[in-house]
1. Alpha carbon centre of the range B:111-165 versus the range A:31-100: separation in Å?
2. B:SER3 accessible area, nearest 10 Å², 1.4 Å probe?
3. Could you list, in their original order, any pairs among B:LYS40/B:LYS165; A:LYS3/B:LYS184; A:LYS218/B:LYS184; A:LYS34/B:LYS165 whose Cα atoms are separated by more than 28 Å?
4. For chain A, list the cysteines whose Cβ sits under 4.7 Å from no other cysteine Cβ?
5. With charges only on Cβ, +1 for K and R and -1 for D and E, what is the dipole size of the range A:47-175 about its Cα centre, in debye, rounded to 20?
6. Using packing as a proxy for protection, rank A:70-80, A:5-15 so that the peptide with the highest average count of other Cβ atoms within 10 Å comes first.
7. Peptides A:238-248, A:169-179, B:13-23: what's the order by average Cβ count within 10 Å, highest mean first?
8. Work out the charge dipole of the range B:38-173 with +1 on the Cβ of Lys and Arg and -1 on the Cβ of Asp and Glu about the Cα centre, then indicate which of B:HIS92, B:ALA52, B:PHE64 is farthest towards its positive end.
Amino acid sequence: MPKPKVAFYWCASCGGCEETVVDLAEDILGVVEKVDIVLWPVAMDFKYKDVAALDDGAIFATLLNGAIRTSEQEELAVLLRRKSRYLIAYGACAQLGGIPALANQFSREQVLQFNYEDAPSVVNPTRTRPQVHFEEAGRTPHLPEFRHVVRALDQVVDVDFYVPGCPPTPNLTRAAFEALLNGNLPPKGSVLAPDVALCEECTRKASKPTNVSFTEFKRPHQALWDSGQCFLAQGLVCMGPATRRGCGAACPQGNMPCTGCFGPTSRVRDQGAKMLSSLSANVAARDEEGIRRTLDGLPDPVGTFYRYGLAKSLLRRKVNLPAGSNGH
Amino acid sequence: MESAVQQTFNQGNLRANAAYRAARRQVTIDPITRLEGHGKIDIYLDERGDVARAYLQVPELRGFEVFSLGRPAEDMPQITSRICGVCPTAHHMASTKCLDDLYQVEPTSAGRKIRELVYNTFVLEDHALHFYVLGGPDFIVGPEAPPAERNIVGVIGKVGLEAGKRVISTRKRLRELIAYFGGKVVHPVLGLPGGVSKPLAPADLPEFQQLAKEAVAFAEWTKTRSTSGSSPPTPTLTAPATWAWWTRKTA
(Lines give C-alpha, C1' and ligand atoms only; values in the text may rest on other atoms or scores of the structure.)
Protein backbone atom coordinates (compact mmCIF):
# COMPACT_ATOMS: atom_id res chain seq x y z
CA MET A 1 0.00 0.00 0.00
CA PRO A 2 1.82 3.15 -1.11
CA LYS A 3 2.07 5.91 1.45
CA PRO A 4 -0.21 8.92 0.90
CA LYS A 5 1.55 11.87 -0.68
CA VAL A 6 1.67 15.13 1.26
CA ALA A 7 2.90 18.54 0.15
CA PHE A 8 3.71 21.71 2.06
CA TYR A 9 3.90 24.99 0.22
CA TRP A 10 4.28 28.65 1.13
CA CYS A 11 3.02 31.75 -0.64
CA ALA A 12 3.34 35.27 0.85
CA SER A 13 4.54 33.71 4.03
CA CYS A 14 7.23 33.95 6.67
CA GLY A 15 8.10 30.30 7.22
CA GLY A 16 6.60 30.21 10.72
CA CYS A 17 4.03 27.65 9.64
CA GLU A 18 6.86 25.44 8.38
CA GLU A 19 8.56 25.82 11.77
CA THR A 20 5.35 24.68 13.46
CA VAL A 21 5.35 21.47 11.43
CA VAL A 22 9.00 20.95 12.45
CA ASP A 23 7.88 21.66 16.04
CA LEU A 24 5.95 18.41 15.97
CA ALA A 25 9.41 17.38 17.23
CA GLU A 26 9.67 13.64 17.80
CA ASP A 27 6.17 13.20 16.34
CA ILE A 28 7.47 14.30 12.96
CA LEU A 29 9.41 11.07 12.59
CA GLY A 30 6.07 9.27 12.87
CA VAL A 31 4.54 11.53 10.22
CA VAL A 32 7.49 11.01 7.88
CA GLU A 33 7.03 7.24 8.25
CA LYS A 34 3.35 7.38 7.34
CA VAL A 35 3.44 9.80 4.42
CA ASP A 36 5.50 10.52 1.32
CA ILE A 37 6.43 14.22 1.26
CA VAL A 38 6.55 15.37 -2.36
CA LEU A 39 7.11 19.11 -1.93
CA TRP A 40 8.47 21.09 1.02
CA PRO A 41 10.81 23.85 -0.12
CA VAL A 42 12.04 24.76 3.39
CA ALA A 43 13.38 21.27 4.03
CA MET A 44 13.50 19.26 0.80
CA ASP A 45 14.85 19.65 -2.71
CA PHE A 46 11.75 18.77 -4.75
CA LYS A 47 11.00 21.29 -7.50
CA TYR A 48 7.81 22.65 -9.07
CA LYS A 49 8.36 20.46 -12.13
CA ASP A 50 8.24 17.39 -9.87
CA VAL A 51 4.77 18.44 -8.73
CA ALA A 52 3.65 19.21 -12.28
CA ALA A 53 4.70 15.69 -13.28
CA LEU A 54 2.29 14.08 -10.81
CA ASP A 55 -1.17 12.95 -11.81
CA ASP A 56 -4.06 15.22 -10.91
CA GLY A 57 -5.32 14.30 -7.45
CA ALA A 58 -2.18 12.26 -6.76
CA ILE A 59 -1.32 14.30 -3.68
CA PHE A 60 -3.49 13.22 -0.77
CA ALA A 61 -3.19 16.54 1.09
CA THR A 62 -1.44 19.84 0.55
CA LEU A 63 -0.95 22.19 3.49
CA LEU A 64 -0.57 25.59 1.90
CA ASN A 65 0.38 28.62 4.00
CA GLY A 66 0.88 32.25 3.12
CA ALA A 67 -1.35 34.82 1.44
CA ILE A 68 -1.68 35.28 -2.31
CA ARG A 69 -0.03 38.42 -3.73
CA THR A 70 1.83 37.43 -6.90
CA SER A 71 0.87 35.63 -10.10
CA GLU A 72 3.33 32.86 -9.26
CA GLN A 73 1.54 32.24 -5.96
CA GLU A 74 -1.78 32.10 -7.85
CA GLU A 75 -0.31 29.56 -10.29
CA LEU A 76 1.06 27.38 -7.48
CA ALA A 77 -2.27 27.54 -5.64
CA VAL A 78 -4.08 26.44 -8.81
CA LEU A 79 -1.49 23.74 -9.57
CA LEU A 80 -1.57 22.32 -6.04
CA ARG A 81 -5.38 22.45 -6.01
CA ARG A 82 -5.40 20.36 -9.18
CA LYS A 83 -2.84 17.87 -7.92
CA SER A 84 -4.36 17.47 -4.43
CA ARG A 85 -7.31 15.61 -3.08
CA TYR A 86 -7.44 17.88 -0.02
CA LEU A 87 -6.16 21.45 0.00
CA ILE A 88 -5.79 22.88 3.48
CA ALA A 89 -5.33 26.59 4.13
CA TYR A 90 -2.74 26.39 6.88
CA GLY A 91 -2.15 29.41 9.09
CA ALA A 92 -3.62 32.90 9.34
CA CYS A 93 -2.25 34.18 6.04
CA ALA A 94 -3.84 31.43 3.96
CA GLN A 95 -7.04 31.50 6.00
CA LEU A 96 -7.54 35.26 6.38
CA GLY A 97 -4.75 37.09 4.53
CA GLY A 98 -2.66 37.48 7.65
CA ILE A 99 -0.29 40.32 8.43
CA PRO A 100 0.77 40.68 4.76
CA ALA A 101 -2.86 41.65 4.06
CA LEU A 102 -2.27 44.91 5.94
CA ALA A 103 -0.81 45.97 2.59
CA ASN A 104 -4.44 46.21 1.41
CA GLN A 105 -4.49 49.62 3.09
CA PHE A 106 -1.97 50.83 0.53
CA SER A 107 -1.76 50.85 -3.24
CA ARG A 108 0.56 48.66 -5.25
CA GLU A 109 2.30 51.81 -6.50
CA GLN A 110 2.96 53.00 -2.94
CA VAL A 111 4.67 49.71 -2.11
CA LEU A 112 6.78 49.61 -5.27
CA GLN A 113 7.70 53.28 -5.11
CA PHE A 114 8.97 53.06 -1.53
CA ASN A 115 10.68 49.70 -1.82
CA TYR A 116 12.49 50.42 -5.09
CA GLU A 117 12.98 54.18 -4.98
CA ASP A 118 12.24 56.13 -1.81
CA ALA A 119 13.45 53.89 1.03
CA PRO A 120 16.54 55.42 2.69
CA SER A 121 18.64 52.30 2.15
CA VAL A 122 17.80 51.87 -1.54
CA VAL A 123 20.44 52.63 -4.17
CA ASN A 124 18.64 52.59 -7.50
CA PRO A 125 19.59 55.67 -9.55
CA THR A 126 17.94 54.32 -12.70
CA ARG A 127 14.69 53.75 -10.74
CA THR A 128 14.45 50.24 -12.11
CA ARG A 129 11.32 48.41 -11.06
CA PRO A 130 10.90 44.64 -11.05
CA GLN A 131 9.90 43.63 -14.56
CA VAL A 132 7.74 40.70 -15.50
CA HIS A 133 9.62 40.31 -18.79
CA PHE A 134 13.27 41.13 -19.11
CA GLU A 135 15.57 40.44 -22.00
CA GLU A 136 19.33 40.64 -22.19
CA ALA A 137 21.29 39.20 -25.15
CA GLY A 138 18.50 36.78 -25.95
CA ARG A 139 18.11 35.57 -22.36
CA THR A 140 14.69 36.03 -20.82
CA PRO A 141 14.41 35.55 -17.06
CA HIS A 142 11.07 36.64 -15.74
CA LEU A 143 9.38 37.61 -12.51
CA PRO A 144 5.77 37.13 -11.52
CA GLU A 145 3.23 39.95 -11.56
CA PHE A 146 2.82 41.77 -8.23
CA ARG A 147 -0.93 42.16 -7.79
CA HIS A 148 -2.84 45.16 -6.45
CA VAL A 149 -4.60 43.14 -3.74
CA VAL A 150 -3.58 40.57 -1.13
CA ARG A 151 -5.96 37.62 -1.05
CA ALA A 152 -6.61 34.68 1.24
CA LEU A 153 -6.33 31.24 -0.34
CA ASP A 154 -10.07 30.65 -0.68
CA GLN A 155 -10.37 33.87 -2.63
CA VAL A 156 -8.28 32.16 -5.34
CA VAL A 157 -9.08 28.41 -5.24
CA ASP A 158 -11.50 26.02 -3.56
CA VAL A 159 -10.27 25.15 -0.05
CA ASP A 160 -11.24 22.03 1.89
CA PHE A 161 -10.15 22.87 5.45
CA TYR A 162 -8.51 25.59 7.48
CA VAL A 163 -5.97 25.33 10.30
CA PRO A 164 -5.89 28.73 12.00
CA GLY A 165 -3.15 30.60 13.81
CA CYS A 166 -0.12 32.76 13.30
CA PRO A 167 1.27 30.24 13.41
CA PRO A 168 -0.94 27.23 14.22
CA THR A 169 0.17 25.18 17.22
CA PRO A 170 1.91 21.80 17.03
CA ASN A 171 -1.09 20.29 18.86
CA LEU A 172 -3.57 21.51 16.24
CA THR A 173 -1.25 20.37 13.47
CA ARG A 174 -0.90 16.91 14.97
CA ALA A 175 -4.70 16.70 15.30
CA ALA A 176 -5.16 17.81 11.69
CA PHE A 177 -2.75 15.13 10.44
CA GLU A 178 -4.46 12.47 12.51
CA ALA A 179 -7.89 13.49 11.23
CA LEU A 180 -6.64 13.39 7.64
CA LEU A 181 -4.81 10.08 7.90
CA ASN A 182 -7.64 8.37 9.80
CA GLY A 183 -10.38 9.81 7.61
CA ASN A 184 -12.10 11.51 10.57
CA LEU A 185 -12.85 14.71 8.75
CA PRO A 186 -15.54 17.27 9.57
CA PRO A 187 -17.65 18.82 6.78
CA LYS A 188 -15.75 20.49 3.97
CA GLY A 189 -14.92 24.10 4.76
CA SER A 190 -14.48 23.50 8.48
CA VAL A 191 -11.87 25.25 10.55
CA LEU A 192 -9.87 22.55 12.36
CA ALA A 193 -9.97 24.21 15.79
CA PRO A 194 -12.65 24.52 18.50
CA ASP A 195 -15.52 26.84 17.61
CA VAL A 196 -15.44 28.79 20.88
CA ALA A 197 -13.89 32.14 21.83
CA LEU A 198 -10.42 32.30 23.36
CA CYS A 199 -11.67 33.50 26.76
CA GLU A 200 -12.89 29.97 27.41
CA GLU A 201 -9.32 28.62 27.76
CA CYS A 202 -7.62 31.73 29.16
CA THR A 203 -6.32 31.49 32.76
CA ARG A 204 -7.62 35.03 33.33
CA LYS A 205 -11.21 34.02 32.58
CA ALA A 206 -12.42 34.41 36.16
CA SER A 207 -11.74 38.15 36.10
CA LYS A 208 -13.28 38.76 32.68
CA PRO A 209 -15.77 41.55 33.29
CA THR A 210 -19.42 41.01 32.42
CA ASN A 211 -19.96 44.76 32.34
CA VAL A 212 -16.97 46.78 31.29
CA SER A 213 -16.96 50.49 30.77
CA PHE A 214 -14.00 52.10 29.07
CA THR A 215 -13.04 55.65 30.04
CA GLU A 216 -9.83 55.14 28.10
CA PHE A 217 -7.99 52.46 26.13
CA LYS A 218 -4.46 51.80 27.33
CA ARG A 219 -1.62 50.59 25.15
CA PRO A 220 0.57 47.61 26.10
CA HIS A 221 3.64 49.66 27.06
CA GLN A 222 1.78 52.11 29.29
CA ALA A 223 1.53 50.07 32.50
CA LEU A 224 2.79 47.03 34.34
CA TRP A 225 0.05 44.50 33.76
CA ASP A 226 -1.32 42.19 36.43
CA SER A 227 -0.39 38.70 35.28
CA GLY A 228 -3.61 37.11 36.53
CA GLN A 229 -6.30 39.61 35.60
CA CYS A 230 -8.24 39.86 32.37
CA PHE A 231 -6.67 42.50 30.10
CA LEU A 232 -10.04 44.04 29.28
CA ALA A 233 -10.65 44.56 32.98
CA GLN A 234 -7.29 46.39 33.08
CA GLY A 235 -8.34 48.72 30.25
CA LEU A 236 -6.24 47.09 27.54
CA VAL A 237 -7.67 45.84 24.25
CA CYS A 238 -7.52 42.05 24.04
CA MET A 239 -8.99 40.38 20.97
CA GLY A 240 -9.81 37.22 22.94
CA PRO A 241 -13.60 37.62 22.91
CA ALA A 242 -13.62 37.87 19.11
CA THR A 243 -11.03 35.17 18.48
CA ARG A 244 -11.29 31.41 18.20
CA ARG A 245 -9.54 29.37 20.90
CA GLY A 246 -7.06 26.59 20.25
CA CYS A 247 -3.69 28.15 21.11
CA GLY A 248 -3.93 27.73 24.88
CA ALA A 249 -4.09 31.52 25.20
CA ALA A 250 -0.39 31.69 24.34
CA CYS A 251 0.02 35.45 24.28
CA PRO A 252 -1.75 36.05 27.64
CA GLN A 253 0.63 33.37 29.00
CA GLY A 254 3.37 35.70 27.84
CA ASN A 255 1.61 38.49 29.73
CA MET A 256 0.49 40.30 26.58
CA PRO A 257 -3.02 40.52 25.15
CA CYS A 258 -4.39 38.40 22.33
CA THR A 259 -4.12 40.08 18.93
CA GLY A 260 -6.63 37.83 17.16
CA CYS A 261 -4.50 35.52 15.02
CA PHE A 262 -6.86 32.52 15.13
CA GLY A 263 -9.57 34.50 13.40
CA PRO A 264 -13.23 34.55 14.36
CA THR A 265 -15.56 31.75 15.36
CA SER A 266 -17.97 30.45 12.72
CA ARG A 267 -20.75 32.72 13.99
CA VAL A 268 -18.88 35.92 13.14
CA ARG A 269 -18.62 37.25 9.59
CA ASP A 270 -16.14 40.10 10.21
CA GLN A 271 -13.83 39.69 13.21
CA GLY A 272 -12.68 43.31 13.37
CA ALA A 273 -16.18 44.74 13.11
CA LYS A 274 -17.38 42.40 15.83
CA MET A 275 -14.70 43.53 18.30
CA LEU A 276 -14.99 47.19 17.30
CA SER A 277 -18.73 47.24 17.85
CA SER A 278 -18.41 45.44 21.17
CA LEU A 279 -15.78 47.85 22.51
CA SER A 280 -17.56 50.91 21.13
CA ALA A 281 -20.75 49.90 22.89
CA ASN A 282 -18.77 49.92 26.14
CA VAL A 283 -17.26 53.39 25.86
CA ALA A 284 -18.31 55.26 29.01
CA ALA A 285 -18.43 58.76 27.55
CA ARG A 286 -21.67 59.97 25.97
CA ASP A 287 -20.45 63.32 24.65
CA GLU A 288 -18.54 63.84 21.39
CA GLU A 289 -15.43 65.19 23.08
CA GLY A 290 -15.32 62.38 25.65
CA ILE A 291 -15.81 59.73 22.98
CA ARG A 292 -13.08 61.25 20.81
CA ARG A 293 -10.67 61.33 23.73
CA THR A 294 -11.42 57.72 24.62
CA LEU A 295 -10.88 56.58 21.07
CA ASP A 296 -7.51 58.36 20.98
CA GLY A 297 -6.35 55.26 22.82
CA LEU A 298 -6.93 53.30 19.60
CA PRO A 299 -4.61 55.07 17.15
CA ASP A 300 -4.65 52.24 14.59
CA PRO A 301 -8.02 50.50 14.37
CA VAL A 302 -7.11 48.50 11.27
CA GLY A 303 -3.88 47.22 12.82
CA THR A 304 -5.63 46.41 16.09
CA PHE A 305 -8.90 44.86 14.90
CA TYR A 306 -7.93 43.58 11.45
CA ARG A 307 -4.29 42.70 12.05
CA TYR A 308 -4.69 39.25 10.49
CA GLY A 309 -8.09 39.42 8.81
CA LEU A 310 -8.13 42.41 6.47
CA ALA A 311 -8.28 40.35 3.27
CA LYS A 312 -11.34 38.46 4.50
CA SER A 313 -13.07 41.44 6.08
CA LEU A 314 -16.22 42.83 4.51
CA LEU A 315 -14.31 45.69 2.94
CA ARG A 316 -11.20 43.60 2.06
CA ARG A 317 -9.09 46.66 1.28
CA LYS A 318 -9.09 50.41 1.52
CA VAL A 319 -11.74 51.65 -0.88
CA ASN A 320 -10.88 53.56 -4.04
CA LEU A 321 -7.47 51.98 -4.47
CA PRO A 322 -6.71 50.98 -8.07
CA ALA A 323 -7.14 47.36 -9.15
CA GLY A 324 -5.62 45.32 -11.95
CA SER A 325 -7.42 44.36 -15.15
CA ASN A 326 -8.58 41.09 -13.58
CA GLY A 327 -9.86 42.87 -10.51
CA HIS A 328 -6.77 42.04 -8.49
CA MET B 1 -9.16 14.05 -19.16
CA GLU B 2 -8.76 10.33 -18.49
CA SER B 3 -5.89 9.57 -16.11
CA ALA B 4 -3.70 7.65 -18.56
CA VAL B 5 -4.18 10.35 -21.18
CA GLN B 6 -3.47 13.06 -18.60
CA GLN B 7 -0.33 11.27 -17.53
CA THR B 8 0.90 10.93 -21.11
CA PHE B 9 0.16 14.59 -21.70
CA ASN B 10 2.02 15.63 -18.52
CA GLN B 11 5.08 13.57 -19.41
CA GLY B 12 5.12 14.87 -22.95
CA ASN B 13 4.75 18.44 -21.77
CA LEU B 14 7.66 18.11 -19.37
CA ARG B 15 9.88 16.44 -21.98
CA ALA B 16 9.12 19.23 -24.41
CA ASN B 17 10.01 21.88 -21.81
CA ALA B 18 13.23 20.10 -20.88
CA ALA B 19 14.19 19.72 -24.54
CA TYR B 20 13.50 23.41 -25.13
CA ARG B 21 15.70 24.38 -22.23
CA ALA B 22 18.46 22.03 -23.34
CA ALA B 23 18.32 23.46 -26.85
CA ARG B 24 18.52 26.94 -25.39
CA ARG B 25 21.26 25.72 -23.03
CA GLN B 26 19.37 26.82 -19.94
CA VAL B 27 19.29 25.26 -16.50
CA THR B 28 16.55 26.39 -14.15
CA ILE B 29 16.42 25.78 -10.42
CA ASP B 30 12.88 26.52 -9.31
CA PRO B 31 12.43 26.93 -6.44
CA ILE B 32 15.66 27.19 -4.49
CA THR B 33 15.20 25.15 -1.35
CA ARG B 34 16.24 24.66 2.26
CA LEU B 35 16.06 28.29 3.24
CA GLU B 36 13.35 30.71 4.22
CA GLY B 37 12.09 32.63 1.23
CA HIS B 38 11.44 32.24 -2.44
CA GLY B 39 14.01 32.22 -5.21
CA LYS B 40 14.66 30.96 -8.68
CA ILE B 41 17.95 30.64 -10.54
CA ASP B 42 18.24 30.68 -14.36
CA ILE B 43 21.66 29.61 -15.63
CA TYR B 44 22.52 30.18 -19.28
CA LEU B 45 25.33 28.11 -20.80
CA ASP B 46 27.50 28.93 -23.78
CA GLU B 47 28.37 26.59 -26.69
CA ARG B 48 31.03 24.83 -24.63
CA GLY B 49 28.64 24.25 -21.73
CA ASP B 50 30.26 26.84 -19.49
CA VAL B 51 28.12 29.29 -17.58
CA ALA B 52 27.65 32.44 -19.62
CA ARG B 53 25.27 34.18 -17.26
CA ALA B 54 23.22 33.33 -14.18
CA TYR B 55 20.23 35.20 -12.78
CA LEU B 56 18.94 34.94 -9.22
CA GLN B 57 15.31 36.03 -9.17
CA VAL B 58 13.36 36.78 -6.01
CA PRO B 59 9.70 36.35 -6.93
CA GLU B 60 8.17 37.63 -3.73
CA LEU B 61 7.40 40.95 -2.09
CA ARG B 62 5.11 41.60 0.85
CA GLY B 63 5.81 45.27 1.56
CA PHE B 64 6.47 45.44 5.32
CA GLU B 65 8.21 48.78 4.83
CA VAL B 66 4.97 50.33 3.63
CA PHE B 67 2.24 48.50 5.51
CA SER B 68 3.97 49.25 8.83
CA LEU B 69 3.29 52.95 8.27
CA GLY B 70 0.82 54.34 10.79
CA ARG B 71 1.15 51.46 13.23
CA PRO B 72 1.71 52.13 16.94
CA ALA B 73 5.42 51.84 17.68
CA GLU B 74 4.89 49.25 20.42
CA ASP B 75 3.18 46.95 17.90
CA MET B 76 6.26 46.81 15.69
CA PRO B 77 8.12 43.99 17.49
CA GLN B 78 5.16 41.70 16.81
CA ILE B 79 4.62 42.94 13.25
CA THR B 80 8.25 42.82 12.14
CA SER B 81 8.68 39.32 13.54
CA ARG B 82 6.39 38.20 10.68
CA ILE B 83 9.15 39.06 8.25
CA CYS B 84 10.50 35.63 9.11
CA GLY B 85 9.05 32.74 11.08
CA VAL B 86 12.40 30.95 11.29
CA CYS B 87 14.13 33.91 12.93
CA PRO B 88 11.22 35.93 14.36
CA THR B 89 13.15 36.44 17.61
CA ALA B 90 15.86 38.36 15.76
CA HIS B 91 13.42 40.81 14.22
CA HIS B 92 11.49 41.04 17.50
CA MET B 93 14.61 41.95 19.48
CA ALA B 94 15.89 44.45 16.94
CA SER B 95 12.49 46.11 16.96
CA THR B 96 12.39 46.09 20.77
CA LYS B 97 15.78 47.80 20.91
CA CYS B 98 14.39 50.43 18.55
CA LEU B 99 11.64 51.01 21.10
CA ASP B 100 14.27 51.52 23.83
CA ASP B 101 15.88 54.11 21.60
CA LEU B 102 12.59 55.74 20.67
CA TYR B 103 11.51 56.17 24.28
CA GLN B 104 15.10 56.92 25.37
CA VAL B 105 15.09 54.22 28.06
CA GLU B 106 17.60 51.60 29.11
CA PRO B 107 16.13 48.16 29.77
CA THR B 108 16.00 47.07 33.40
CA SER B 109 18.76 44.73 34.49
CA ALA B 110 16.43 41.73 34.67
CA GLY B 111 14.76 42.72 31.41
CA ARG B 112 18.10 42.89 29.65
CA LYS B 113 19.18 39.52 31.01
CA ILE B 114 15.92 37.90 29.98
CA ARG B 115 16.25 39.34 26.48
CA GLU B 116 19.81 37.98 26.26
CA LEU B 117 18.72 34.59 27.58
CA VAL B 118 15.93 34.37 25.00
CA TYR B 119 18.11 35.62 22.19
CA ASN B 120 21.02 33.30 22.92
CA THR B 121 18.61 30.39 23.21
CA PHE B 122 17.19 31.34 19.82
CA VAL B 123 20.66 31.55 18.25
CA LEU B 124 21.52 28.05 19.45
CA GLU B 125 18.33 26.40 18.21
CA ASP B 126 18.37 28.36 14.97
CA HIS B 127 21.96 27.36 14.24
CA ALA B 128 21.08 23.75 15.05
CA LEU B 129 18.25 24.00 12.51
CA HIS B 130 20.61 25.38 9.91
CA PHE B 131 23.30 22.80 10.54
CA TYR B 132 21.05 19.75 10.53
CA VAL B 133 18.07 20.71 8.36
CA LEU B 134 18.75 23.68 6.09
CA GLY B 135 22.37 24.09 5.01
CA GLY B 136 23.81 20.97 6.60
CA PRO B 137 22.56 18.51 3.97
CA ASP B 138 24.76 20.23 1.38
CA PHE B 139 27.86 19.52 3.47
CA ILE B 140 26.98 16.35 5.34
CA VAL B 141 25.14 14.49 2.58
CA GLY B 142 26.86 16.38 -0.24
CA PRO B 143 25.75 18.19 -3.40
CA GLU B 144 26.28 15.08 -5.56
CA ALA B 145 23.74 13.06 -3.57
CA PRO B 146 20.31 12.41 -5.11
CA PRO B 147 17.75 15.17 -4.34
CA ALA B 148 15.64 12.80 -2.27
CA GLU B 149 18.54 12.40 0.20
CA ARG B 150 19.59 16.02 0.48
CA ASN B 151 17.54 16.74 3.61
CA ILE B 152 17.29 16.03 7.35
CA VAL B 153 16.49 12.36 6.72
CA GLY B 154 19.72 12.02 4.73
CA VAL B 155 21.61 13.87 7.48
CA ILE B 156 20.29 11.47 10.10
CA GLY B 157 21.53 8.67 7.90
CA LYS B 158 25.05 10.13 8.24
CA VAL B 159 25.12 11.32 11.89
CA GLY B 160 22.95 8.54 13.32
CA LEU B 161 19.42 8.32 14.66
CA GLU B 162 20.56 9.12 18.22
CA ALA B 163 21.97 12.44 17.06
CA GLY B 164 18.84 13.11 15.04
CA LYS B 165 16.66 12.56 18.08
CA ARG B 166 18.94 14.78 20.16
CA VAL B 167 18.65 17.62 17.64
CA ILE B 168 14.89 17.33 17.81
CA SER B 169 14.65 17.09 21.61
CA THR B 170 17.24 19.82 22.25
CA ARG B 171 15.52 22.25 19.92
CA LYS B 172 12.17 21.39 21.47
CA ARG B 173 13.36 22.25 24.99
CA LEU B 174 15.12 25.40 23.86
CA ARG B 175 12.03 26.56 22.00
CA GLU B 176 9.88 25.84 25.04
CA LEU B 177 12.20 28.14 26.99
CA ILE B 178 11.56 30.89 24.45
CA ALA B 179 7.81 30.26 24.71
CA TYR B 180 8.04 30.56 28.53
CA PHE B 181 9.02 34.22 28.15
CA GLY B 182 7.48 35.02 24.79
CA GLY B 183 4.11 33.29 25.08
CA LYS B 184 4.88 31.36 21.92
CA VAL B 185 8.15 30.62 20.15
CA VAL B 186 7.18 31.60 16.61
CA HIS B 187 6.36 35.30 16.90
CA PRO B 188 7.05 35.83 20.60
CA VAL B 189 5.39 38.75 22.40
CA LEU B 190 7.86 39.71 25.13
CA GLY B 191 9.41 42.89 23.71
CA LEU B 192 8.48 46.20 25.32
CA PRO B 193 10.35 49.51 25.54
CA GLY B 194 12.60 49.30 28.60
CA GLY B 195 12.12 45.61 29.31
CA VAL B 196 10.10 42.48 28.72
CA SER B 197 6.55 41.42 29.46
CA LYS B 198 7.19 38.48 31.81
CA PRO B 199 9.62 37.76 34.64
CA LEU B 200 11.55 34.57 35.39
CA ALA B 201 10.26 32.65 38.40
CA PRO B 202 13.30 31.77 40.59
CA ALA B 203 12.06 28.19 40.97
CA ASP B 204 12.50 27.65 37.20
CA LEU B 205 16.06 28.94 37.05
CA PRO B 206 17.94 25.69 37.91
CA GLU B 207 16.22 23.81 35.08
CA PHE B 208 17.10 26.59 32.61
CA GLN B 209 20.72 26.45 33.73
CA GLN B 210 20.88 22.69 33.26
CA LEU B 211 19.25 23.00 29.84
CA ALA B 212 21.78 25.63 28.82
CA LYS B 213 24.72 23.41 29.81
CA GLU B 214 23.36 20.45 27.89
CA ALA B 215 22.50 22.50 24.83
CA VAL B 216 26.03 23.94 24.68
CA ALA B 217 27.50 20.44 25.14
CA PHE B 218 25.40 19.24 22.22
CA ALA B 219 26.56 22.16 20.10
CA GLU B 220 30.19 21.30 20.91
CA TRP B 221 29.60 17.69 19.91
CA THR B 222 27.96 18.85 16.67
CA LYS B 223 30.97 20.97 15.84
CA THR B 224 33.65 18.42 16.59
CA ARG B 225 32.31 14.88 16.57
CA SER B 226 28.97 14.66 14.78
CA THR B 227 30.23 13.09 11.55
CA SER B 228 32.74 10.83 13.26
CA GLY B 229 30.30 8.07 14.11
CA SER B 230 30.26 8.80 17.83
CA SER B 231 27.16 9.29 19.95
CA PRO B 232 26.11 12.65 21.36
CA PRO B 233 26.38 13.29 25.14
CA THR B 234 23.46 11.89 27.12
CA PRO B 235 21.09 14.46 28.55
CA THR B 236 20.08 14.38 32.21
CA LEU B 237 16.89 16.33 31.62
CA THR B 238 14.55 13.69 30.30
CA ALA B 239 11.17 14.53 31.77
CA PRO B 240 9.13 17.19 29.99
CA ALA B 241 10.17 20.64 31.18
CA THR B 242 8.03 21.83 34.06
CA TRP B 243 7.16 24.98 32.14
CA ALA B 244 6.39 23.22 28.84
CA TRP B 245 2.71 24.11 28.75
CA TRP B 246 2.99 25.18 25.09
CA THR B 247 3.65 21.80 23.57
CA ARG B 248 1.98 19.69 26.23
CA LYS B 249 -0.61 17.37 24.81
CA THR B 250 -4.06 18.39 25.95
CA ALA B 251 -6.69 15.77 26.72
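1. 24
2. Near enough 70 Å² of accessible area.
3. Distance filter (> 28 Å) returns B:LYS40/B:LYS165; A:LYS3/B:LYS184.
4. If one checks each Cβ against the other cysteines of chain A, A:CYS11, A:CYS14, A:CYS17, A:CYS93, A:CYS199, A:CYS202, A:CYS230, A:CYS238, A:CYS247, A:CYS251, A:CYS258 turn up with nothing under 4.7 Å.
5. 220
6. Top of the packing list down: A:5-15, A:70-80.
7. In descending order of packing, they fall as A:238-248, A:169-179, B:13-23.
8. With unit charges placed on the Cβ atoms, the residue in question is B:HIS92.
The values are calculated or read from the model by the stated rules, or taken from the named source; none is laboratory data. From a predicted model like this one, the values you see are computed outputs, not experimental measurements. Don't worry about glycine lacking a Cβ; one is built from the backbone with ideal geometry, like all the others, and counts go over all protein chains shown. Heads up: the accessible areas ignore ligands, DNA and RNA and are worked out on the full protein's heavy atoms, side chains in. Shrake-Rupley method; radii C 1.70, N 1.55, O 1.52, S 1.80 Å.
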